[in-house]
Structure formats: structure tokens, C-alpha cells
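Below: one structure, written as C-alpha cells.
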Amino acid sequence: MHLQGLNDLDYNSCLKCNACTVSCPVSNVTLDFGGPKHLGPELARLTEQQEPIDDKRIELCTLCGTCDAVCPEGVPVSSLTANVKALHAEENGTKFRDFVLSHAEYVGKIASAFAPATNLTMKIKPARKVMQWVMGMHADRQFPVYRFNNFKRRYTKKTAETKRKVAYFTGCYATYNQPDIGDAFVNVMKHNGIDVAVPKQKCCGVPMFANGRMKEGKKNAAYNVDSLLAYVRDGYDVVVTCSSCSLSFKKEYLHYLNSAEAEELAQHVYDANEYLRFLKEKDELNEDFGAIGQRAGYFSPCHMKGQGIGNPAMDMLELIPGYEIRDLAADCCGQCGTFGFKEEKYPYSMKMGESMKEAVNELDAEITVTECGMCKTQLDQLTEKKTMHPIEVLAKAYETV
Amino acid sequence: MTARFETDVVIIGGGVTGAGVVRDLTLRGVRAILVEQQDVVHGTSSRNHGLLHSGGRYAVRDENAAIESYRENLILKETVPGSIEQTGGLFVKVPGDDDDYVRQWLKSCEKVGIPTEEVSVKQALKEEPYLNRDAEAVFRVPDGAVDPFTLTADVIADAADRGGGLLRYHEVTSISRQNGQVESVTVQDRFTGELKQIETSIVINAAGPWAAHVARMADVPMELINNKGTLTVLNQRINRQVINRLRMPGDADIFVPAHNVTIFGTTGVNVDRPDDTSLDRDEIREMIQEGAALVPEVENIRMIRAFSGSRPLYQEKADSDASGRGVTRGMALLDHEKRDGLGGFITISGGKLTTFRYMAEKTADLAAEKLGVQAGCTTDREPVPHRVTDRDFSKWDLSPAAQKKVQYWAGTNVERLEKSLHESVNASEVICECEQVTWAELEAAFPEDRPFHLGDLRRRTRLGMGTCQGTFCHQRAAALAVENGYATNQEAEAALVNALETRKKGMTPLGDEQTRRQTEMMDAIYCVSLGMQKEGESNV
Ligand SMILES: Cc1cc2nc3c(=O)[nH]c(=O)nc-3n(C[C@H](O)[C@H](O)[C@H](O)COP(=O)(O)OP(=O)(O)OC[C@H]3O[C@@H](n4cnc5c(N)ncnc54)[C@H](O)[C@@H]3O)c2cc1C
């Protein structure tokens with residue numbers, strides 16, 4: 001019998017080698033963080049069958065997952081740090097601010113209902129100062145814009161009729177902040193003769209896990225597995241444009257839900273460009289791209305790196321005639337989901353973003369391409385370049401004749 | 001010139017037994033010196049399971065041992081609280097184990113007064129998720145986990161604080177007798193080779209597996225079976241409480257939690273040499289297979305090392321049951337004046353860690369009688385200072401895990417610890433990550449009497465006892481020791497070579513993939529990065 005529950009978060013293979021801590025974007029800019037080795041496998045071992053240890057420094061962990069990707073022994077480091085976060089939140093209560101930040105969807109719903117007002121408040125300095133006092137969000141931080149005409153309002157199709165069928169998990173960012181990504185994705189699929197359905201869905205849970213709100217995160221995860229699996233069993237492929245959402249289906253859900261259903265779903269989840277690459281391998285991809293003469297830098301989000309599937313976005317963009325795409329090969333952006341919004345994390349966030357900023361300046365391309373809305377927020381803040389989602393570029397190439 | 005001392009009692013052997021005796025005598029106001037050939041707890045006292053027996057294990061076969069164990073169990077919980085975790089324990093019957101034995105066991109426990117309580121299997125699994133799901137019956141007993149390192153060290157330290165003498169790294173090389181009476185012992189300093197003579201009225205042989213050897217120095221014949229048991233250390237703590245198999249005592253029966261790990265074992269093989277602590281890969285493998293009946297996952301959970309120690313089992317005649325387990329676990333207190341006509345010579349052997357205090361009491365009673373001392377034993381109520389401290393460490397920049405460690409560990413060292421935190425630059429830095437040992441703790445634990453030795457620090461702080469077995473902390477500790485004037489370069493290097501060798505000795509026999517990778521990393525750091533020579537290489 002396989003004791004899933006016991007060994008799922010096995011830290012025993014940790015050799016203490018420090019690869020995780022050396023690669024950790026946070027540890028690289030500050031000694032205030034205990035580092036992923038200590039707060040992950042080490043603390044797990046020191047508290048197993050003993051009283052728990054609450055370590056405040058866990059707040060600095062962004063759950064970027066770089067530690068998981070570099071561990072030579074395959075220790076699920078970030079799942080272990082997520083547990084420490086959960087404990088910390090339980091012991092200390094979550095701040096109202098963290099509640100707001102971890103409920104992108106809830107905030108999205110409210111904010112996009114009052115979009116013009118919200119955006120105005122977010123931009124006006126005095127209001128921002130109030131937010132810093134009351135909520136502990138940094139006044140200098142740029143916030144993503146909320147759209148009144150969110151993607152849920154724009155696109156309501158619940159089924160697909162074509163041979164290949166896609167169930168699109170939109171994610172909070174494309175739903176509330178940048179519905180253009182959703183539109184672009186539907187168009188790209190249309191050019192490939194594939195119908196897109198948007199199943200009922202809730203926030204993937206990543207922001208909740210990151211703020212230690214495990215119970216709610218798991219609830220959302222269970223909801224999504226239920227909803228999406230029904231589509232999978234109907235012959236749909238699940239495709240996702242947000243790298244954090246797709247990683248959560250592929251990795252976090254397996255740890256947190258620990259169910260056969262989560263395993264089954266994970267087998268059928270694709271990042272959007274990974275899906276296109278898959279179509280190409282099957283000789284099903286429409287490669288009728290119009291030429292775009294543009295130099296672009298690709299910034300790979302941590303949650304994309306963590307999927308271990310290479311750079312599918314670059315693989316796709318290279319197919320566009322005239323398109324020159326270069327890997328910025330930069331470290332973590334430092335925004336890290338909700339991390340960079342918090343007042344006390346803001347200085348770390350800025351420091352962490354330095355290497356990315358330098359890479360962008362050095363390459364000096366016309367635009368930056370990245371899948372992640374939170375990386376985009378940081379790119380917008382730290383660089384002068386326009387940032388686009390790769391799917392938006394591909395949609396443009398299909399439209400260009 | 002041989003240095004000379006004079007005392008009333010010399011105790012040979014710095015194990016838990018000798019520790020108990022020197023403290024007991026010191027409390028009675030008797031002048032006593034404890035002599036140990038290596039560091040304290042060099043022998044069986046550091047090579048055991050660390051189970052504070054409730055007596056349950058002996059209830060059926062050895063009523064006296066069971067009664068003594070339970071009584072001492074209660075006394076030690078009160079008198080050496082800093083070294084005991086009151087975990088409680090479970091006796092578990094698994095499929096195939098004899099039902100009759102269970103009935104017999106319950107009856108015996110009741111008879112000797114060991115409290116037992118039946119626990120539903122469901123409840124037991126909730127408490128101990130690694131337990132075999134097919135367990136058939138579970139009973140709760142008042143077992144505990146005892147840290148033999150701190151126990152021995154603290155008992156000796158308390159004796160020393162009250163005026164008792166201690167000579168570490170001094171080997172007793174001869175015992176002189178005059179007119180049927182012991183007269184003096186000669187000891188040799190391990191490091192300088194210097195000989196010292198201690199004149200004394202009484203010599204107590206508490207040399208554990210070496211007891212027969214020491215007896216021979218006094219021309220006294222003695223038969224001792226040294227029964228070697230092997231144990232392994234799991235990388236993680238899998239149990240909250242002690243888990244025993246409910247059957248006639250056999251191999252691989254017990255899982256004892258020890259701080260952050262679980263100690264699992266054991267076996268029994270008779271050996272010739274008292275210092276035979278060899279390990280056998282097949283024996284370990286068989287033990288693990290057997291242990292899987294109680295904890296199936298034991299076959300998959302990473303182990304970090306194995307070790308072995310010998311039970312000194314006294315037999316009056318050479319031909320008694322030689323199987324080891326059949327011989328009594330009770331103590332053997334020999335008055336050689338009566339037995340062999342040598343006045344002033346006493347041997348205390350056999351017994352258990354759990355019963356060390358009682359063994360010491362009886363031994364000290366005998367010594368006191370010979371010396372005409374009236375004072376009685378007080379160790380059953382006079383506590384050894386606790387390890388847990390309520391001193392506030394939150395003002396130092398310690399990680400919560402390291403803070404917890406010192407809070408539970410500082411004991412009487414608290415003054416030295418705070419001094420280090422005050423004065424040393426690196427004090428709050430964690431040197432050994434696996435066991436969360438800070439430089440302050442190391443600084444507070446440096447024995448003052450001897451050259452730098454990483455093993456001495458390990459036994460006092462748990463440095464290098466965790467997952468990586470010193471891969472990182474040994475070199476950090478050695479470097480800081482040199483930097484802070486505790487050791488010369490040469491001493492530090494010698495200490496590293498020695499530490500590496502002893503850590504590997506317990507790792508290599510495991511032969512599993514994970515341990516191999518860990519040792520490979522160890523080699524990479526010490527042999528490649530630090531350029532130390534790999535053992536054996538010079539002979540190639
Ligand atoms: C595998 C195993 C598991 C065990 N598990 C448990 C358990 O769970 N619970 C329990 O209660 N008991 C247990 N025991 C029993 C317990 O460990 C021993 O009974 C106890 O430690 C013996 O202590 P000691 O002081 O008599 O001997 P030791 O600890 O061996 O001390 C003897 C000392 O004498 C020193 N010495 C020898 N010769 C000389 C000399 N010439 N000059 C100076 N010094 C000398 C040695 O270096 C040594 O340090 C176990 C034993 C074994 C082997």
C-alpha cells in the first residue's frame with residue numbers, strides 16, 4: 001500500500017546541499033529570510049511528531065517554486081514552506097490586507113463592477129497613502145488595472161462543438177485585469193479550428209496558499225477539479241494562459257488535494273503555448289502567421305520555469321516570420337504574486353527586481369513578452385518597455401496578412 | 001615523576017553507572033574520583049536505545065527487572081527531568097504474534113504493578129500514523145525516552161559541582177593490592193602519556209563491557225558476556241511515543257523517539273572484545289525486515305546511521321545460558337572482599353540505563369559500609385538541575401528553531417551561553433543546521449580540560465547528529481574554534497579527520513542510495529574542497 005498521506009511531502013531525501021537557498025530569489029537579496037532549506041525540509045524535520053514552530057520569516061517566502069526546480073533530490077520544498085505559511089497564518093491570523101490580496105477574484109468582482117472608481121482610487125496618491133496606512137500596501141507600487149468589461153462578461157460560451165475542444169481556465173488576471181488575453185486566446189484557437197468553452201471556475205488558489213490560507217485555497221482547488229474534470233472526461237483539453245494557475249493544477253493540487261481526481265486532471269492541463277507546441281508536434285498547428293518585424297525579450301516567470309517544459313512561448317514566437325525573440329534569462333521579477341504589493345515586502349521586491357530590470361535594459365528590445373500578469377506588473381513598474389502576453393502576439397500574427 | 005593523588009573511592013568507568021556512583025557518594029560527603037579512559041559516555045551508555053523502561057518488556061520473563069524498572073522510571077522522571085521526555089509508550093500486538101503471551105503479559109504487568117491501558121487500534125493509529133494498520137491489540141504503558149548523553153553528562157556535572165572528581169581521557173592501567181586490600185590505581189593521560197597514581201581505600205569497577213578486563217587488573221577472575229546490539233537512527237522522528245512489539249522480547253522490537261529522530265532496533269550477538277562496535281550490513285537488513293511487522297514504512301524511511309553497543313551481562317558461572325537475552329538484565333553487585341578475598345574492590349555490572357540510579361545506590365551503600373560512613377542515599381529525591389530554562393532568549397537574534405533548542409537544552413550552561421551571546425560575534429549563528437546548534441551553545445559546551453575534539457561537542461550539543469552527519473557543521477565548528485582560540489590549526493584538522501571517520505563508520509554499513517549520496521557530498525567538501533586525505537588513500 002502506498003501511504004500517500006505520509007510520504008507525499010517527504011523531506012527525507014534532502015542532503016542539506018543548499019542548492020535551494022543559493023538559488024532562492026529572496027535569499028539572494030536579504031539575510032532576513034531564513035531560506036528555503038531551513039523553512040522547508042529542515043523545519044519539517046524539526047517539528048515532525050513534535051510541537052510546531054512558528055517562524056515569522058516565512059512571510060518572505062513568495063512560493064515562486066525556484067527551490068523545487070533546482071533541488072537535485074526532488075524535495076517538494078515550496079509545498080513544505082507553504083505548510084509553514086499556513087501554520088503562521090493560523091497562529092497569527094491573516095491581515096485584512098492579506099485577505100484582500102489573496103482574494104484576487106473577490107476583489108476582482110467588486111473592483112471591476114466599479115472599475116473606473118477603483119482605478120482612480122488606486123492611482124490617486126492620497127488614496128494610496130491611506131491604503132498604505134490601513135492596509136499595508138506600498139504607496140509607490142503600481143497596481144494592475146481593473147476592467148469593467150471583464151472577460152466573464154465578454155465571453156460566456158460553456159460548450160465546444162469542434163473535434164478538438166478546449167476548456168479554457170482564464171484565471172483572475174485575464175478575467176478581471178486583462179481580458180484582452182482571453183480574447184486573444186479565443187482568436188488563436190479559432191485560427192486553429194478549435195472551439196473554446198469557459199467552464200465554471202474559481203481562483204486557482206495560488207494567492208491563498210501564498211498567504212497561508214490553505215483551507216480556502218483547497219476549497220477552490222476542489223471546486224476547480226470538479227468542474228474541469230467533467231470537461232476532461234467529455235474529451236476537452238484544459239488550457240491555461242496564466243503560468244501560476246497552470247502550475248497549480250500540475251503541482252500544488254497534487255500535494256494539497258492528494259486525490260486521484262487531481263492526478264487525472266493534471267494529465268490534461270496545458271499551458272497555452274505548450275498546447276500550441278503540442279498541436280505542432282501533431283501536425284495540427286495552423287502556421288499561417290503574418291510577418292511581424294519586432295525585437296522582443298522573453299521573460300520567463302518562476303511558475304513557468306517550475307513546470308519544467310522549457311520555453312514553449314519562445315518556441316511558438318519563433319515561428320512568426322520576422323519576429324526576433326530572445327530569452328532575457330533573468331531571475332525572479334520580485335513581484336511574486338501578491339508579495340510585492342505589501343508595504344513591508346516592497347523594498348525586497350524592488351531589490352529582487354533589479355536583475356530583471358538590468359536584463360531588459362541591456363537587451364533593449366522593443367517589447368517584453370511574459371505569460372504572468374504579476375511579472376508584468378513589476379516589468380511595468382521597473383522598465384519603460386511595453387509588456388505583452390505571448391498569446392496576444394500570436395493573435396496579432398494570425399490577424400496580420 | 002608520577003603525580004600522586006589521594007581519595008577515598010576511585011570509580012572506574014564514566015558511563016551512566018559510574019556517573020550514578022560518583023554522584024551518590026559525593027552527595028553522601030564521600031571523597032570520590034571518577035576515571036574515564038575516553039570522554040564520558042564512551043561505552044554502552046551512548047550506544048543504547050534510550051528507552052526509559054516502564055518494565056513492560058521484562059514483566060513476563062524477569063519479574064525483578066520489571067519491578068526495578070518501573071520504580072526507577074518514576075524516580076528518574078522526578079530527579080533527572082531534563083534528560084527525559086515523558087512520551088508514554090505503546091505495546092502492540094501484530095498478526096502472527098502469540099495471543100497467549102498477551103494474556104500472560106497483562107497478568108504479569110498487573111502482578112508487578114505496571115499500569116496498562118488498552119487503546120483501540122483506531123486511536124493508536126491516530127496517535128501513531130506509522131504503526132502497522134493491521135495491528136490487533138494495543139496497550140498503553142508509562143515508557144519514556146531518555147537522552148543517555150545528557151543524562152550521564154548532567155549527573156557527572158552535578159557531582160563535580162558538589163566536589164566530586166572527574167578525570168576524562170585517563171585510562172586505568174593497573175590496580176595495586178597490598179595485604180588483600182586495594183591500595184591505589186595507576187592512570188595514564190591519553191594525550192600526554194603521563195602516569196598518575198591515585199591512592200584510595202576503595203576501587204569501584206563500573207567499566208561496563210570492560211569490567212572483566214578491569215577485574216583482571218586486580219587479579220580477580222570474572223565472567224562477562226558481552227552481548228552486542230545494533231541500532232539504526234531514522235532521519236526523522238516517526239513516533240510521538242515509544243512503540244514496542246507485544247511478544248516475548250526479540251530482535252527489532254522497539255522504536256524510541258529521540259528529539260528529532262527515532263532510534264530503532266535491536267539485535268543481540270555475543271562478542272569477544274569489549275570495544276567491538278562493528279556493524280554488519282546483513283544484520284541491519286534483517287533487522288529492518290523484522291521491524292516492518294510493527295512499522296511497515298521502516299523499510300522506506302531514510303536512515304542516517306547505524307551503531308552498536310554491548311550489554312555487559314554478568315554470569316556467575318561460565319556455563320550459564322550463553323544466548324545473551326536469557327541472562328538476567330538485573331544488576332550484578334560483587335563484593336570482591338567476600339567473593340575473592342580482595343578488600344575494597346567492588347564491581348557493579350549488568351543492569352540497565354533505566355536502573356542506573358538504583359545500581360549506584362546499592363553500590364554506594366556497600367562502599368559506605370566499608371568506609372564506615374553513616375550517610376544514606378538521597379539520589380531518589382535530590383534532583384539533578386533541569387535542562388529547560390525559563391530565561392528569555394527572545395532578545396537575541398536566534399531563529400525560532402534555534403531558540404527552542406536552547407530553551408530546552410541550556411540547563412546549567414545558561415550563564416556561559418548568555419556570556420557568549422553577549423560577547424561573541426557569531427554567537428547566534430546556527431553552526432549545525434540539522435540539530436539547530438548555535439555557536440553560543442558550542443562555546444558554552446567546550447570542556448575546559450582537553451584539546452579540541454568534535455566528538456566532545458557532539459555528545460554535549462548534538463552537533464553533527466542530524467541528516468548530514470556533520471558534512472557542513474564540522475568544518476564550520478572547527479574553523480570557528482581556531483578563529484576563537486579554542487584550537488590550533490593542527491588540532492582542528494586532527495579533529496576533523498577523526499570526526500569524519502567516526503561519522504562514516506555509522507553511515508557506510510547502511511548501503512542505501514541516499515546515504516551514498518550524502519557521503520559523496522561529504523567527500524566532495526572535505527576531500528575535494530578542503531583537500532583532506534580520504535581514509536585509506538595513502539596506502540594505495
Ligand atoms: C543495544 C543496547 C540497547 C540498550 N537499550 C537500553 C534501553 O533502551 N534502556 C535501558 O535502560 N538500557 C538499555 N541498554 C543497557 C544500557 O545501555 C547499559 O546497561 C548501560 O549503559 C551500561 O552503562 P555502564 O556505565 O555500566 O557501562 P558503559 O557505559 O560501557 O561504561 C563503562 C565505561 O568504562 C570505561 N572504561 C573501561 N575500561 C576503562 C579503563 N581501564 N579505564 C578507564 N575507563 C574505562 C569505558 O570507556 C566506558 O565509558 C541497552 C544496551 C545495549 C547494548
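The values are calculated or read from the model by the stated rules, or taken from the named source; none is laboratory data. Small disclaimer: the values here were computed from a predicted structure and weren't measured. Virtual Cβ from ideal backbone geometry, glycine too; neighbours counted across all protein chains shown. These area figures cover heavy atoms from the full protein model, side chains too; ligands, DNA and RNA do not enter into them. Shrake-Rupley method; radii C 1.70, N 1.55, O 1.52, S 1.80 Å.
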Residues of the range A:225-256 being in contact with a Leu (Cβ under 8 Å, 6 or more places away or on another chain) and of a type outside the set (A, V, I, L, M, F, W, C), in sequence order, are A:TYR253, A:HIS255
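Okay, residues lined up against (1) more than 20 Å from the chain's Cα centre (by Cα); (2) on the phi < 0 side of the Ramachandran plot; (3) in contact (Cβ under 8 Å) with a residue 40 or more places away in the chain:
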residue	(1), (2), (3)
A:VAL239	no, yes, yes
A:LYS251	no, yes, yes
A:ALA266	no, yes, no
A:LEU285	yes, yes, yes
A:ASP288	yes, yes, yes
Those residues that are within 6 Å of the ligand (Cβ to nearest atom) and either touching a strand residue (DSSP E or B) at 6+ places or on another chain (Cβ under 9 Å) or open to solvent by less than 30 Å² (accessible area, probe 1.4 Å) (or both), I need them from the range B:34-46; list them, please. B:VAL35, B:GLU36, B:GLN37, B:GLN38, B:GLY43, B:THR44, B:SER45
Being surrounded by fewer than 23 Cβ atoms within 10 Å (Cβ to Cβ) and either small (Gly, Ala, Ser) or within 19 Å of A:CYS204 (Cβ to Cβ) (or both) is the filter here; which residues of the range A:313-329 pass it? A:GLY322, A:ALA329
Six or more apart or on different chains, Cβ under 8 Å: which pairs go from a residue in the range B:24-46 that's on the phi > 0 side of the Ramachandran plot to one that's within 13 Å of the ligand (Cβ to nearest atom)? Could you list them? B:VAL41/B:GLY14; B:VAL41/B:GLY15; B:VAL41/B:VAL16; B:VAL41/B:PRO148; B:VAL41/B:PHE149; B:VAL41/B:THR152; B:VAL41/B:ALA153; B:VAL41/B:ARG459
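Considering only the range B:102-124, I want to know if a residue exists there that is modelled with pLDDT of 95 or more, under 30 Å from B:LYS405 (Cα atoms) and away from the ligand (no atom under 13 Å from the Cβ).
yes
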Options B:ARG4, B:ARG57: the member that is touching a strand residue (DSSP E or B) at 6+ places or on another chain (Cβ under 9 Å), more than 13 Å from the ligand (Cβ to nearest atom) and over 23 Å from B:ALA211 (Cβ atoms): B:ARG4
Among what's in the range B:466-481 and is open to solvent by less than 30 Å² (accessible area, probe 1.4 Å) and more than 12 Å from every other protein chain (Cβ to nearest Cβ), pick the residue that is nearest to B:THR508 (Cα to Cα). B:HIS474
Against the definition (polar (S, T, N, Q) and more than 10 Å from the ligand (Cβ to nearest atom)), how does B:SER83 come out, yes or no? yes
Select from the range B:366-389 the residues that are buried (at least 17 other Cβ atoms within 10 Å of the Cβ) and polar (S, T, N, Q) and write down the one among them that is nearest to B:THR26 (Cα to Cα). B:THR379
Return the residue satisfying two criteria in turn: it lies in the range B:212-231 and is under 26 Å from the mean Cα position of the chain (by Cα) and more than 8 Å from the ligand (Cβ to nearest atom), and of such residues it is surrounded by the fewest Cβ atoms within 10 Å (Cβ to Cβ). B:ARG216
Residues within the range B:143-181 that are open to solvent by 30 Å² or more (accessible area, probe 1.4 Å) and away from the ligand (no atom under 12 Å from the Cβ), tallied: 11
Helices (runs of 4 or more DSSP H) contained entirely in the range A:43-126, each with at least 1 residues that are modelled with pLDDT of 90 or more and in contact with a Phe, Trp or Tyr (Cβ under 9 Å, 6 or more places away or on another chain): A:43-47, A:77-92
Tell me, which residue of the range B:389-411 that is in contact (Cβ under 8 Å) with a residue 40 or more places away in the chain and in contact with an Asp or Glu (Cβ under 8 Å, 6 or more places away or on another chain) is nearest to the other protein chains (Cβ to nearest Cβ)? B:TRP409
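Sort through B:THR515, B:THR508, B:THR467, B:THR519 and tell me the only one that's in a loop (DSSP other than H, G, I, E, B), of a type in the set (Val, Ile, Thr) and either within 21 Å of B:VAL233 (Cβ to Cβ) or modelled with pLDDT of 90 or more (or both).
B:THR467
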Somewhere in the range B:470-484, is a residue farther than 27 Å from A:LEU31 by Cα and of a type in the set (Val, Ile, Thr)? no
Look through B:ARG31, B:ARG23 and report the one residue that is within 15 Å of the ligand (Cβ to nearest atom) and among the basic types (Lys, Arg). B:ARG23
Top-ranked residue of the range B:482-528 - restricted to ones that are in contact with a helix residue (DSSP H, G or I) (Cβ under 8 Å, 6 or more places away or on another chain), away from every other protein chain (no Cβ under 14 Å) and of a type in the set (Val, Ile, Thr), ranked as surrounded by the fewest Cβ atoms within 10 Å (Cβ to Cβ): B:THR488
Give the range B:130-149 a look and list any residue that's within 14 Å of chain A (Cβ to nearest Cβ) and farther than 25 Å from B:ASN48 by Cα, or say none. B:ARG133, B:ASP134
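Inside the range A:12-42, can you point out the residues that are part of a helix (DSSP H, G or I), more than 7 Å from chain B (Cβ to nearest Cβ) and open to solvent by less than 20 Å² (accessible area, probe 1.4 Å)? Step through it out loud before you land on a result.
Of the residues in the range A:12-42, the ones part of a helix (DSSP H, G or I) are A:19-23, A:36-42.
Filter again for more than 7 Å from chain B (Cβ to nearest Cβ), leaving A:19-23, A:36-37, A:39-41.
Within the range A:12-42, A:CYS20, A:PRO36, A:LYS37, A:LEU39, A:GLY40, A:PRO41 meet the criteria.
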Pairs returned, first residue in the range B:509-522 that is assigned by TED's automatic domain parsing to the domain that holds B:MET465, second residue that is assigned to a helix (DSSP H, G or I) and of a type in the set (D, E, K, R), beta-carbon separation under 6 angstrom, 6 or more apart or interchain, are B:PRO509/B:ARG281; B:GLY511/B:ARG281
Can you say whether B:LEU234 is more than 14 Å from chain A (Cβ to nearest Cβ) and more than 12 Å from the ligand (Cβ to nearest atom), as far as the supplied structure shows? no
Determine which member of the set A:VAL239, A:VAL225, A:VAL186 is part of a strand (DSSP E or B) and under 21 Å from A:CYS172 (Cα atoms). A:VAL239
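Does B:ARG450 meet the test of being basic (Lys, Arg), away from chain A (no Cβ under 14 Å) and not in a helix (DSSP H, G or I)?
yes
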Can you find a residue in the range B:255-263 that is on the phi > 0 side of the Ramachandran plot and either more than 9 Å from the ligand (Cβ to nearest atom) or over 21 Å from the mean Cα position of the chain (by Cα) (or both)? yes
Do you know which residues across the range A:330-375 are open to solvent by 10 Å² or more (accessible area, probe 1.4 Å), outside any helix (DSSP H, G or I) and among the hydroxyl-bearing types (Ser, Thr, Tyr)? A:THR338
Single condition A:GLY65 does not satisfy, out of (1) more than 14 Å from chain B (Cβ to nearest Cβ); (2) at negative phi: (2)
